[in-house]
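Have a look at the structure below before the remarks.
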Amino acid sequence: MKDQKRLYKEAMQVLKDTSRTFYIPITFLKNDLKVSVAAAYLAMRAIDEIEDHEELSNDVKFDLLTTTSELLKDSFNEEAYQALLAPYADQLPEVTLRLADWLTFCPEESRKIVQASTSEMAFGMAKWAKANWQVRTREDLDDYTYYVAGLVGTMLSELWAWGADVKTDRELAIGYGRGLQAVNILRNQHEDLDERGVSFVPEGWTREDLFAYAEENLAKADLYMKDINKRTILLFCRLPLALAHKTLKAMQEGREKMTRAEVEQTVEEVQAD
């Protein structure tokens, strides 16, 4: 059993190295909720790195993600997981190789929530890898964005209820996740098509339709916030949402993304509010 203090330090460092966007709001949270959300982010990032990997074939991704999904349904077997990854270990990042550590780092009482959501996400990612992420209809887009982002929303809602007795609406939580993902899809639309040959835009949709989809879901995210009466959770949820709204606005103005100064100003505004 690894020393929890050391594991905490390492987990927070990997989190910081992997995503500053989520590291900052996670630091707003307190105690077990902070550790649970950090562990959840790392677990989901672990499988996301498999889904996004540039060198692994879709069949390999399908096998790795499907088996990981099954392993997460039970008390996670680290040996089986390491054996699964062994042929690809030198191609995968630390955050993926150490999935068992992130689950150990997670408080025992919230681990079930984290494992169940990550398991469902891995299943959905496997399904979409097999389909080569070819989104054809609005239903396809809803399905894909549910698995890769809506599930983050529902998991967080379960954690808020568990750790702070904060009750939120499940459909609005899914909208929150979808809204953030839709902004990412807009940001990476040309890159996804040119470099990966993948389109997340339903057939017949214009870029304006995709903007409307993002706005519709971000409006649900705004409503989601109204149920939250705990300041630390509100701060956590407010930052990614503020960044998504501002990124969307920047793209509508014809810019690729927000400037670093705008991001830093947004972080300050959220904390000062």
Next item on the list: Using the structure shown, select from Lys34/Lys246; Lys34/Lys230; Lys230/Lys257; Lys220/Lys249; Lys9/Lys30; Lys127/Lys246 the pairs with a Cα to Cα distance greater than 24 angstrom.
Entry: Lys34/Lys246; Lys230/Lys257; Lys127/Lys246
Next item on the list: In a Gaussian network model over the chain where Cα atoms closer than 10 Å are linked, find which of Gly163, Gly153, Gly254 has the largest mean-square fluctuation.
Entry: Gly254
Notebook entry, point to check: Counting Lys and Arg as +1 and Asp and Glu as -1, what is the net charge of the other residues whose Cβ lies under 13 Å from the Cβ of Ser110?
Noted result: -1
Margin query: Between Pro87, Pro25, Pro202, where does the largest GNM mean-square fluctuation fall for the chain, given springs only between Cα atoms within less than 10 Å?
Written below: Pro87
Next item on the list: Note down the net charge around Asn58, summing +1 for each Lys or Arg and -1 for each Asp or Glu among other residues with Cβ under 14 Å from its Cβ.
Entry: -2
Checklist line | Loop sites in the stretch 176-262: GluC sites (Glu not before Pro), DSSP, at most 12 other Cβ within 10 Å | finding: Glu203, Glu253, Glu256
Item checked: Surface accessible to a 1.4 Å probe, Arg20 within the full protein complex, Å² -> 130 Å²
Next item on the list: Work through the residues other than Val166 whose Cβ is under 9 Å from its Cβ and net out their charges, Lys, Arg +1 and Asp, Glu -1.
Entry: 0
Next item on the list: Return the single residue from Gln134, Gln115, Gln13 with maximal mean-square fluctuation; model: Gaussian network over the chain, springs between Cα atoms under 10 Å.
Entry: Gln13
Next item on the list: Would you be so kind as to identify all helices of the chain, as entire DSSP H runs, whose Cα atoms reach 15 Å or more along the helix's own axis and whose mean Kyte-Doolittle hydropathy is at least 0.0?
Entry: 31-51, 151-164, 231-252
Checklist line | At R0 = 51 Å, FRET efficiency that the Cβ-Cβ distance of Asn31 and Thr206 yields, to 0.05 | finding: 0.65
Item checked: Spin-label proximity, Asp169 to the stretch 221-256 - amide N less than 12 Å from point 7 Å beyond Cα toward beta carbon -> 221-228
Margin query: Using Cα-Cα distances under 8 Å and only pairs 6 or more residues apart, what relative contact order does the stretch 36-141 have, in percent?
Written below: 47 percent
Next item on the list: Figure the gain on full extension for Lys257 and Glu109 (residue separation times 0.36 nm, minus the Cα-Cα span) and round it to one decimal in nm.
Entry: 49.4 nm
Check: FRET efficiency for Gln189 and Arg231, Cβ-Cβ distance as r, R0 = 45 Å, nearest 0.05?
Finding: 0.80
Item checked: For the stretch 200-239 versus the stretch 44-94, the gap between their alpha-carbon centres in whole angstrom -> 29 Å
Next item on the list: Could you check the simple spin-label distance between Asp90 and Gln4, using points 7 Å along Cα→Cβ, in nm with one decimal?
Entry: 3.8 nm
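The values are calculated or read from the model by the stated rules, or taken from the named source; none is laboratory data. Keep in mind that what you see is a predicted model, and the values were worked out from it rather than measured. Here Cβ is always computed from backbone atoms with ideal geometry, including for glycine, and neighbour counts include all displayed protein chains. Just the protein is used for accessible areas: all its heavy atoms, side chains included, with ligands, DNA and RNA removed. Shrake-Rupley method; radii C 1.70, N 1.55, O 1.52, S 1.80 Å.
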